[in-house]
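S.K.: Provided herewith is a single structure, encoded as structure tokens, for subsequent inquiry.
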Amino acid sequence: LVLVIDFGAQYAQLIARRVREAKVYSEVVPHTASVADIVARKPKAIILSGGPQSVYAPGAPQVDADLFTTGLPTFGICYGFQAMARALGGDVARTGLSEFGRTEAQIAEPGTLLAKVPPELRVWMSHGDSVSAAPAGFTALAGSAGAPIAAFEDTGRGLAGVQWHPEVQHSQAGQLVLETFLYDIAGCRPDWTPANIVEDSVEAIRAQVGDGRVICGLSGGVDSAVAAALVQKAVGDQLTCVFVDHGLLRKGEAEQVERDFVAATGVDLLVVDAAETFLAALDGVTDPETKRKIIGREFIRSFEGAARQVVGAHADEEAGVEFLVQGTLYPDVVESGGGEGAANIKSHHNVGGLPDDLQFALVEPLRALFKDEVRAVGEQLGLPAEIVWRQPFPGPGLGIRIIGAVTRERLEILRDADAIARTELTAAGLDRDIWQFPVVLLADVRSVGVQGDGRTYGHPIVLRPVTSDDAMTADWGRLPYDLLEKVSTRITNEVRAVNRVVVDITSKPPGTIEWE
Ligand code: XMP
């Protein structure tokens, strides 16, 4: 375990990710954590993150100097580097020479930390103050125009730091510098691998669940699938998965869950075929928010019904059904303050709102993982690539991609068009370049066309390819023209009732990714 102490930089999570890319497990803790708490976690090393302020700003978070008496190897980055210098008796000066963005660092003395990198490094900096004198016992390793001392180390004590941000991609050899600290200075070993994650997680699930029974909702998405597969591996015969098929999925998705996922994992699956109920509830509804509310409500009803069924089936057992699996990921944990998981179902926003008489403890096997790690674990567990690499898909499904009322016939049209777009995107090898590729049916819009010898009066299909890192913002995806042409030709030729294909070239903001 490597603890990243967060001084309020936006980079702390990124540092933790980079450490994990070096196959060393890492977590973020707030700078308010006490030295005793930190030591109690038994970390192998500490990383002090960057921070937004000057070390001299009033109220600036300081490093507790006791941290350096613990003997824990420590790496300071940017603000963390300066805070370390100051706490150990070095000088941090307001030179007035700020550096923001790309900077050259000259290496004067490679030491251990910079032994493997070129003598001049293009690095990414963001600082006002600079370290002007290294603390006693430290060797200054590098400098830049605005930072007389831009890197130092005291390998005898396992201490080192850099003024730049090795965690950002614009910093040359950034990962190598981090890895050199981790392996060569702190003595960490690269053993955080998918195989070990699975092994640890299986053990933890067994310890938590004992011989209790577990229920897990599957959505068809990667998170719930991987969470379920881990629990299955840990306590297979105690798990029942529930899949509510609301009839708003894309072509082949229900089969992926019902057939491929079961084949890959052997889970006991209860399928609730609720398409009729959802369609009836959505009859004639066109307002997006109303659609979402209805779909959410029906989903809870269906899931609750299934949960009661599972609970009932095991009512005579001593343990009964006690646990519900939830696919919470590490970024959600950090963003919600990193506290321990809430103890019951009410906090579960995907399946939220179950009645009080159905209370479960949560099992959250993905709580420590970033999304890319979830995928690596999914691959390790042998899940189908279509599930592991699936792009995000909204819970309300195609219900919010039909602009107008949802009918069985319209769902079929959209499913066919969507399947063509997805097939061609995959064939072009662009699945992992495009974050998401919604296909939308403008069901209440018609336009004139000519197909064969006759005039048509059909519906437009909108293609909405987007690129994004987190769905908070997005840009429209620049798909190659020949791919767009192929999708357009195939959809207008093969999908009844569609005579026009248009591409949405709006970024987010101002547009959202989905149309409703
Ligand atoms: P928007 O359309 O707001 O979408 O840009 C951002 C991301 O969220 C997904 N999305 C949803 N996911 N339930 C979900 O699980 C929903 O109701 C929902 N609405 C939007 C959307 O696909 C995109 O990834």
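S.K.: Taking the stretch 159-199, which residues are part of a helix (DSSP H, G or I) and among the charged types (D, E, K, R)?
M.R.: Taking the stretch 159-199 and keeping what is part of a helix (DSSP H, G or I), we get 174-185, 194-199.
Within the stretch 159-199, 179, 184, 199 meet the criteria.
S.K.: Further, regarding this structure: Counting only residues that are of a type in the set (A, V, I, L, M) and closer than 16 Å to residue 496 by Cα, which one in the stretch 452-474 is farthest from the ligand (Cβ to nearest atom)?
M.R.: Start the filter on the stretch 452-474 by keeping residues that are of a type in the set (A, V, I, L, M), which leaves 461-463, 466, 471-472, 474.
Imposing the further condition that a residue be closer than 16 Å to residue 496 by Cα reduces the set to 461-462.
Numbers: 461: 17, 462: 13 Å.
This residue is 461.
S.K.: Same structure again: Tell me which residues, restricted to the stretch 49-81, are among the hydroxyl-bearing types (Ser, Thr, Tyr) and within 26 Å of the chain's Cα centre (by Cα). Steps first, please.
M.R.: To start, the set of residues in the stretch 49-81 that are among the hydroxyl-bearing types (Ser, Thr, Tyr) comprises 49, 54, 56, 69-70, 74, 79.
Within the stretch 49-81, 49 is the sole residue that qualifies.
S.K.: Residue by residue through the stretch 206-225, note down the ones that are in contact (Cβ under 8 Å) with a residue 60 or more places away in the chain and within 16 Å of the ligand (Cβ to nearest atom). Steps first, please.
M.R.: Kept after step one, since they are in contact (Cβ under 8 Å) with a residue 60 or more places away in the chain, are these residues of the stretch 206-225: 208-217, 219-225.
Correct list: 217, 219, 220, 221, 222, 223, 224, 225.
Rundown of residues vs (1) hydrophobic (A, V, I, L, M, F, W, C); (2) under 29 Å from residue 232 (Cβ atoms); (3) in contact (Cβ under 8 Å) with a residue 12 or more places away in the chain, yes/no style:
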{"residue": "395", "(1), (2), (3)": "no, yes, yes"}
{"residue": "401", "(1), (2), (3)": "no, no, yes"}
{"residue": "405", "(1), (2), (3)": "yes, no, yes"}
{"residue": "423", "(1), (2), (3)": "no, no, no"}
{"residue": "426", "(1), (2), (3)": "no, yes, no"}
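S.K.: Does residue 279 satisfy the criteria of being closer than 23 Å to residue 309 by Cβ, free of Cβ contacts under 8 Å to residues at least 60 places away in the same chain, surrounded by 17 or more Cβ atoms within 10 Å (Cβ to Cβ) and away from the ligand (no atom under 16 Å from the Cβ)?
M.R.: Answer is no for this residue.
S.K.: Within the stretch 427-445, which residues are β-branched (Val, Ile, Thr) and either over 19 Å from residue 398 (Cβ atoms) or assigned to a loop (DSSP other than H, G, I, E, B) (or both)? Please lay out each step first, then the result.
M.R.: Taking the stretch 427-445 first, the residues β-branched (Val, Ile, Thr) are 434, 439-440, 445.
Result: 434, 445.
S.K.: When both residues are 6+ apart or on different chains and their Cβ atoms are under 7 Å apart, which pairs have a first residue that lies in the stretch 190-205 and is farther than 20 Å from residue 21 by Cβ, and a second that is of a type in the set (A, V, I, L, M) and surrounded by 13 or more Cβ atoms within 10 Å (Cβ to Cβ)?
M.R.: Sorted first by the residue in the stretch 190-205, then by its partner, the pairs are 202/230; 202/234; 205/230; 205/231; 205/234; 205/235; 205/363.
S.K.: Taking the stretch 110-137 on its own, how many of its residues are surrounded by fewer than 17 Cβ atoms within 10 Å (Cβ to Cβ), without any contact (Cβ under 8 Å) to a residue 60 or more places away in the chain and aliphatic (A, V, I, L, M)?
M.R.: 2
S.K.: Residue check: is residue 328 farther than 23 Å from residue 431 by Cα, at pLDDT 85 or above, of a type outside the set (A, V, I, L, M) and within 16 Å of the ligand (Cβ to nearest atom)?
M.R.: Values: farther than 23 Å from residue 431 by Cα: yes; at pLDDT 85 or above: yes; of a type outside the set (A, V, I, L, M): yes; within 16 Å of the ligand (Cβ to nearest atom): yes.
Yes.
S.K.: Which residue, of 39, 63, 29, 55, is modelled with pLDDT of 95 or more and assigned by TED's automatic domain parsing to the domain that holds residue 166? Spell out how you get there, then give the answer.
M.R.: Numbers: 63 fails: modelled with pLDDT of 95 or more; 29 fails: modelled with pLDDT of 95 or more; 55 fails: modelled with pLDDT of 95 or more.
Within the list 39, 63, 29, 55, the selection yields 39.
S.K.: Just need a number here: residues in the stretch 355-390 that are in a helix (DSSP H, G or I), within 16 Å of the ligand (Cβ to nearest atom) and surrounded by fewer than 18 Cβ atoms within 10 Å (Cβ to Cβ).
M.R.: Residues flagged as in a helix (DSSP H, G or I), within 16 Å of the ligand (Cβ to nearest atom) and surrounded by fewer than 18 Cβ atoms within 10 Å (Cβ to Cβ) within the stretch 355-390 amount to 1.
S.K.: Across the stretch 404-444, what is the total count of residues that are within 14 Å of the ligand (Cβ to nearest atom) and more than 14 Å from residue 513 (Cα to Cα)? Before you say what the answer is, go through the steps one by one.
M.R.: Narrowing the stretch 404-444 to residues within 14 Å of the ligand (Cβ to nearest atom): 418, 434-440.
Going one step further and asking which of them are more than 14 Å from residue 513 (Cα to Cα), we end up with 418.
Residues that pass the stated criteria total 1.
S.K.: Pairs, please: C-beta under 7 Å, at least 6 apart or cross-chain, first residue not assigned by TED's automatic domain parsing to the domain that holds residue 114 and in the stretch 69-84, second surrounded by fewer than 24 Cβ atoms within 10 Å (Cβ to Cβ)?
M.R.: none
Every residue, every condition in (1) crowded, with 19+ Cβ neighbours inside 10 Å; (2) at pLDDT below 90; (3) part of a helix (DSSP H, G or I), yes or no:
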{"position": "260", "(1), (2), (3)": "no, no, yes"}
{"position": "301", "(1), (2), (3)": "no, no, yes"}
{"position": "305", "(1), (2), (3)": "no, no, yes"}
{"position": "319", "(1), (2), (3)": "no, yes, no"}
{"position": "324", "(1), (2), (3)": "yes, no, no"}
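S.K.: For residue 393, only one of the following conditions fails: (1) within 16 Å of the ligand (Cβ to nearest atom); (2) at pLDDT below 90. What is its number?
M.R.: Exception for residue 393: condition (2).
S.K.: So is residue 286 farther than 20 Å from residue 403 by Cβ, polar (S, T, N, Q) and touching a residue at least 12 places away in the same chain (Cβ under 8 Å) or not?
M.R.: Working: farther than 20 Å from residue 403 by Cβ: no; polar (S, T, N, Q): yes; touching a residue at least 12 places away in the same chain (Cβ under 8 Å): yes.
Considered against the rule, which asks whether it is farther than 20 Å from residue 403 by Cβ, polar (S, T, N, Q) and touching a residue at least 12 places away in the same chain (Cβ under 8 Å), residue 286 comes out as no.
S.K.: Follow-up. Within the stretch 139-158, can you find the residues that are in contact with a helix residue (DSSP H, G or I) (Cβ under 8 Å, 6 or more places away or on another chain) and either in a loop (DSSP other than H, G, I, E, B) or under 12 Å from residue 97 (Cβ atoms) (or both)?
M.R.: 155, 157, 158 - these are the residues of the stretch 139-158 that are in contact with a helix residue (DSSP H, G or I) (Cβ under 8 Å, 6 or more places away or on another chain) and either in a loop (DSSP other than H, G, I, E, B) or under 12 Å from residue 97 (Cβ atoms) (or both).
S.K.: When only residues in the stretch 206-249 that are polar (S, T, N, Q) and part of a helix (DSSP H, G or I) count, which is surrounded by the fewest Cβ atoms within 10 Å (Cβ to Cβ)? It would help to see each step written out before you state the result.
M.R.: Initial filter on the stretch 206-249 (polar (S, T, N, Q)): 208, 219, 224, 232, 238, 240.
Subsequent filtering for residues that are part of a helix (DSSP H, G or I) retains 208, 224, 232, 238.
Values: 208: 18, 224: 24, 232: 25, 238: 23.
The selected residue is 208.
S.K.: So, one more: With respect to residue 311, determine if the residue is within 14 Å of residue 225 (Cα to Cα), away from the ligand (no atom under 16 Å from the Cβ) and outside the structural domain of residue 443 (by TED's automatic domain parsing). Show your work before the answer.
M.R.: Working: within 14 Å of residue 225 (Cα to Cα): no; away from the ligand (no atom under 16 Å from the Cβ): yes; outside the structural domain of residue 443 (by TED's automatic domain parsing): yes.
No: the conditions fail for residue 311.
S.K.: Of all residues in the stretch 469-516, which are assigned to a loop (DSSP other than H, G, I, E, B), buried (at least 17 other Cβ atoms within 10 Å of the Cβ), of a type in the set (D, E, K, R) and over 32 Å from the mean Cα position of the chain (by Cα)?
M.R.: none
S.K.: For the stretch 14-111, list the strands (runs of 3 or more DSSP E) that sit wholly inside it and hold at least 1 residues that are of a type outside the set (A, V, I, L, M, F, W, C) and over 25 Å from residue 141 (Cα atoms); which are they? Talk me through it step by step, then tell me what you get.
M.R.: Values: elements: 26-30, 45-48, 74-77, 91-93, 99-107.
Passing ranges, in order: 26-30.
S.K.: Given the condition touching a Phe, Trp or Tyr at 6+ places or on another chain (Cβ under 9 Å) and either modelled with pLDDT of 95 or more or assigned by TED's automatic domain parsing to the domain that holds residue 223 (or both), answer yes or no: does some residue in the stretch 412-419 qualify?
M.R.: As a first pass, look at the stretch 412-419 and keep what is touching a Phe, Trp or Tyr at 6+ places or on another chain (Cβ under 9 Å): 418.
Okay, now just the ones that are also either modelled with pLDDT of 95 or more or assigned by TED's automatic domain parsing to the domain that holds residue 223 (or both), so 418.
Within the stretch 412-419, one or more residues are touching a Phe, Trp or Tyr at 6+ places or on another chain (Cβ under 9 Å) and either modelled with pLDDT of 95 or more or assigned by TED's automatic domain parsing to the domain that holds residue 223 (or both).
The values are calculated or read from the model by the stated rules, or taken from the named source; none is laboratory data. Computed from a predicted structure; not experimentally measured. Because the Cβ atoms are built from the backbone with ideal geometry, glycine has one as well, and the counts that use them run over all protein chains shown.
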